[in-house]
Every structure is written in C-alpha cells, then in structure tokens.
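Chemist: Here's a structure for you.
Throughout, read-outs are computed from the coordinates displayed, never taken from laboratory work. Please read all numbers here as calculations on a predicted model, not as lab measurements. FYI the Cβ positions are ideal-geometry reconstructions off the backbone, even for glycines, and counts take in every protein chain you see.
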Amino acid sequence: MKFTFYGHSCFAIEVAGKKLLFDPFITGNELAKDIDVNTIEADYILVSHGHSDHVGDLVSIAKRTGATVIGAYEVVAWAQKQGCEKGHGMNFGPFNFEFGELRYVVAHHSSGLPDGSYGGNPGGFVLKTAEGNFYFAGDTCLTLDMQLIPKYFAKLDFALLPIGGNFTMNVDDAVIASQFIECKKIVGVHFDTFGYIKIDHQQAKDKFKAAGAELILPEIGQTIEL
Ligand code: NI
Ligand code: MN
C-alpha cells in the first residue's frame, strides 16, 4: 500500500484504488509548511476524533474533493453541518466499505470539536483489505483493548501509533502496544509537532529495535510502500 505522510497524525493510504486520508491537519502545522494542502486528493477522509490537530483541514479538503468523511457519528454530523456533503458516521464496530472492512475501535482520550461541540467517543481504525491489514490507533494511551485486534479482528501488516507522549502513548508505551497488537512494523505519528511531544528519533528507533520491531519515522511529504 502506498503511504504518504503529511505531518503529525495526517497521512494518506491508497488501497483498492481509493485514496484514504487520515486526520487532516496541515495548515496549522508549522512543520508541514511545505505541503500544499490544495493538492491533496481524497476519496475518503477518516477522522479519529474531534481535536483541532486532527480536523484542522477536514472541512476545506472534504468540500474541495467531495470526499466522504468517516468517523464518530458526532464528528461526521459536525462536518456535515460545516458543509461537507458526504459522511458516514460510526461508533465502535465494523462496516464493509468498498475498500475493505473498517472497524472503529476504542481509544482512551477525549474528543471535543474546535467550536466546543461534543465529538462523541475518540477512536482508532482497523482496516482489513485484500491488499493487507493495518491499525491506526488515533490519539490514545496504552490500552489492554489493543490485544483484541490480533486475537479477533485482524492480523496486522503494519500499524500507525502515536509516540509523542503527554497527550498519547510515548515510545516505551508504543513498544508495548506493538506487542499487544502483534505487529513488528510500526509507523510513528503524533510526535515533534509541539513542545510537549518532541522526541529523540534515534533513541525511539533503538527502543523498537531492541524489542525486535521496526519503527519507521517518515519525513513530512515522503511517500513509501508499506
Ligand atoms: Ni487529541
Ligand atoms: Mn492529537
């Protein structure tokens, strides 16, 4: 699967010929200033929760591309109120989309929207497709619920985990998470963007290596095959 990193927790994955964009937050991210938000294409935009560092560019990209917004029912209803045409609200559970089986799973966090609206439950996504399976944890601490994923939901080919600490798991927590989800290929997200979440890249990679796993820290704007 083709993966492109746009900084913070924003990335795109192409699967089944569809462009899936996750947690669009680009124009508010100083580190992503070289990304031209107007060139980003999307068929679907998946949102893990309502915080501004995850929905900052949601409305503008959804309006321009006509993408379908997927996320917690309350977040999707909010997006539609802002003028996004197409939405598919979920709560914790699976649904079969044209690109594969998408399951909205528990994240321990909060989810107020930028204007103070209630954002429902924050979550993560497990996607099962003909091309492979992956998990995006969203913003969450380490949770025992992650163990359900390999046991019952999907054998993962890779996972995207927050590693910056303070608001989410830190690197040590994410190493344990990689063991809970039985996945050795981890892409780190939610790091370096703000002061509280700056990390030592080499130390983070070394910690995963010592645990027998690989931590990928893509450059902003970089596209890789996962
Ligand atoms: Ni958050
Ligand atoms: Mn966040």
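Chemist: Provide the gained length on full extension for the span Lys63 to His201, in nm with one decimal, where the gain is 0.36 nm per separating residue minus the Cα-Cα distance.
Modeler: Going from the current span to full extension adds 46.1 nm.
Chemist: Using the Kirkwood radius built from alpha carbon pairs, what does the Stokes-Einstein equation give as D for region 86-149 at 20 °C and 1.002 mPa s, in µm² per second? Before the final figure, lay out the partial values.
Modeler: Numbers: Rh = 12.8 Å.
It diffuses with D of about 167 µm²/s by this estimate.
Chemist: Let me ask something else about it. Among the listed pairs Lys2/Lys184; Lys151/Lys184; Lys86/Lys128; Lys184/Lys205; Lys2/Lys155; Lys18/Lys198, which have their C-alpha atoms separated by more than 24 angstrom in this model? It would help to have the intermediate numbers written out before the result.
Modeler: Working: Lys2/Lys184 18 Å; Lys151/Lys184 16 Å; Lys86/Lys128 22 Å; Lys184/Lys205 12 Å; Lys2/Lys155 19 Å; Lys18/Lys198 33 Å.
Where the Cα-Cα span goes over 24 Å, the pairs concerned are Lys18/Lys198.
Chemist: Shifting gears a bit: Express the relative contact order of region 100-177 as a whole percentage, based on alpha carbon pairs under 8 Å and six or more residues apart in sequence.
Modeler: RCO, region 100-177: 26 percent.
Chemist: Using a 10 Å cut-off around each Cβ, can you sort Val55, Val171, Val15 from fewest to most neighbouring Cβ atoms?
Modeler: Working: Val55 26, Val171 22, Val15 19.
Fewest-to-most ranking of Val55, Val171, Val15: Val15, Val171, Val55.
Chemist: By how many nm would the segment from Lys33 to Phe95 lengthen if fully extended, with 0.36 nm per residue of separation less the alpha-carbon distance?
Modeler: Working: separation 62, 0.36 × 62 = 22.32 nm, distance 3.50 nm.
Additional length available on full extension: 18.8 nm.
Chemist: Give the Cα extents of region 157-226 along the principal axes, in whole Å, largest first.
Modeler: 30, 26, 19
Chemist: Could you pull out the chymotrypsin sites (Phe, Trp or Tyr not before Pro) across region 1-51 that fall in loop regions by DSSP (anything but H, G, I, E, B) with no more than 16 other Cβ atoms inside 10 Å?
Modeler: Passing sites in region 1-51 do not exist.
Chemist: What percent does the relative contact order of region 39-176 come to when contacts are Cα pairs within less than 8 Å and at least six residues apart? Spell out each step's value before the answer.
Modeler: Working: 294 pairs, mean separation 25.1, N = 138.
After rounding, I find 18 percent.
Chemist: Under 18 Å from the Cα of Lys19, which aspartates and glutamates turn up, not counting those fewer than eight places away in the same chain?
Modeler: Filter leaves Asp36, Glu41, Asp43, Asp57, Glu85, Glu98, Glu101, Glu131, Glu225.
Chemist: Modelling each spin label as a point 7 Å along the Cα-to-Cβ direction, I'd like the Lys155/Ile176 distance in nm, to one decimal.
Modeler: 2.7
Chemist: Here's another thing I want to ask about it. Could you work out the longest stretch of the chain that avoids the trypsin sites (Lys or Arg not before Pro) located in DSSP loops with at most 13 other Cβ atoms within 10 Å? Can you show the working numbers first?
Modeler: On the way: sites that count: Lys33, Lys155, Lys198.
Looking at the chain, 34-154 is the longest stretch - no exposed trypsin sites (Lys or Arg not before Pro) with at most 13 other Cβ atoms within 10 Å.
Chemist: Using Cα pairs closer than 8 Å and at least 6 residues apart in sequence, work out the relative contact order for region 10-60, in percent. Walk me through the numbers before you get to the answer.
Modeler: Details: 80 pairs, mean separation 20.8, N = 51.
This gives 41 percent for region 10-60.
Chemist: For the chain, what is the convex hull volume of the alpha-carbon atoms per residue, in Å³? Walk me through the numbers on the way to the answer.
Modeler: Numbers: hull volume 23.9 nm³, N = 226.
Hull volume over Cα atoms, normalised by residue count, gives 106 Å³.
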